[in-house]
Structures are given as structure tokens and as C-alpha cells.
1. Figure the gain on full extension for residue 167 and residue 16 (residue separation times 0.36 nm, minus the Cα-Cα span) and round it to one decimal in nm.
2. Once you place label points 7 Å from the Cα toward the Cβ at residue 142 and residue 87, how far apart are they in nm?
3. In Å, what Rg and Dmax follow from the Cα atoms of the range 70-202?
4. Mind checking the full-extension length gain between residue 176 and residue 130? Use 0.36 nm per residue of separation minus the Cα-Cα distance, one decimal, nm.
5. Quick check: residue separation of residue 46 and residue 111 times 0.36 nm, minus the Cα distance between them. What number comes out in nm?
6. Highest mean first, what order results for 109-119, 129-139 on Cβ atoms within 10 Å?
């Protein structure tokens with residue numbers, strides 16, 4: 001499995017089959033012809049994905065970006081954030097950084113990249129109010145970075161910090177992410193807001 005490969009895929013068929021199978025996730029894989037720089041997937045007897053393993057020694061080099069030279073913005077991200085900003089949303093970033101915990105790069109590396117990223121958004125007249133990050137991992141962390149932090153998604157710690165810092169209404173906020181843990185953190189934040197915030201105050205709070 002190689003996450004930076006390109007292949008032809010019928011997205012409409014993929015979505016149709018995903019819903020037909022009532023799958024929790026669907027993954028597109030292609031043959032790698034025995035290449036040593038790719039990971040592998042294992043299928044069960046019915047053809048469903050059973051497990052996958054990234055190529056050791058390549059994982060952090062390919063996926064864990066920590067310098068602006070290899071940083072690539074998602075297509076359309078500036079337009080999306082500008083539209084949200086124009087609608088009155090406050091833009092904050094909440095990100096797990098297990099790469100720091102694993103020792104792949106340092107907090108200083110991440111902070112330098114973050115400063116550069118915020119500057120790029122500013123060039124597009126987009127203001128990132130704050131970046132929250134969790135540098136811990138409960139299993140793979142090294143030294144003091146090995147801990148079960150309440151900030152690590154799917155826990156809502158970073159969302160609750162943003163709520164306190166900016167007096168946000170999480171129920172009227174939007175979280176955009178590409179991982180199940182992002183959605184789980186959003187739901188946990190909503191439950192906290194629903195239980196802790198009086199109804200009369202919710203309508204007055206800002207949103208992110």
C-alpha cells in the first residue's frame with residue numbers, strides 16, 4: 001500500500017459499494033509488483049481488508065511532514081477557510097502530533113512549520129486564531145511524551161481548550177477532519193457543551 005501513489009478509480013462505484021456493504025471504511029489498493037518501498041494489506045476469505053502494515057523505515061519519511069519544503073496544502077483549503085471566515089467562523093486547528101511523541105521530529109520543528117503555515121494563510125487574508133496540538137502518545141511515546149493525554153483525539157481536550165479560550169459554542173461549530181478520531185472528538189465536544197452550557201447562553205457564543 002502506498003499512500004502517495006495515483007491510480008484510476010470510479011468514485012461513484014466506490015461510494016455505491018461502500019454503502020451497499022454498510023462498511024465502516026473503504027480502501028482502494030493497487031498491486032505494487034513486489035516493490036520494497038510499499039506496505040502491504042491482508043484480506044480475509046471474503047475479500048475484506050483484515051489488516052495493513054506500512055513499510056518500516058519509510059513511514060515517517062513519507063507521511064510525517066515536519067518542514068515546509070515537503071508540506072503540501074490540500075486543494076481548495078484556502079477557499080474553504082476563506083468562505084468559513086466570511087461566514088463569521090473563527091478558525092482554529094486541533095491536531096494530534098504523535099510523530100513528536102515517537103521522536104520523528106521535535107516540538108520546535110513542529111512550531112516552526114506551524115508558524116510558516118499560519119503565515120501562508122495570512123498571505124491569503126485568512127486568520128488562523130490558534131493551533132492546538134497534542135505531542136503525546138499513550139503507547140509509542142518516548143520518555144515524557146508517553147502518556148494518555150486528555151488532549152489526544154478522540155478525546156475532546158483540545159476542543160474544550162479552544163472553547164474556554166475563545167468562548168466558543170461547540171454545538172454551532174464545525175470540525176473538518178479525515179480521521180474517525182476527528183469525528184469522535186467532535187461528538188464528545190458536543191456532548192460536553194450540551195451538558196455544561198445553559199441553553200440561553202449557547203446562542204450568544206462564538207462558533208469555530
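1. On the way: separation 151, 0.36 × 151 = 54.36 nm, distance 4.10 nm.
The span from residue 167 to residue 16 would gain 50.3 nm if fully extended.
2. 4.2
3. Looking at the range 70-202, its Cα Rg and Dmax stand at 15.6, 47 Å.
4. Working: separation 46, 0.36 × 46 = 16.56 nm, distance 1.55 nm.
Extra length from residue 176 to residue 130 when fully extended: 15.0 nm.
5. So the extension gain works out to 18.9 nm.
6. Answer by packing, highest mean first, reads 129-139, 109-119.
Values quoted throughout were computed directly from the atomic coordinates according to the rules given, and no laboratory measurement underlies them. Predicted, not measured: the structure shown is a model, and the values here were computed from it. Because the Cβ atoms are built from the backbone with ideal geometry, glycine has one as well, and the counts that use them run over all protein chains shown.
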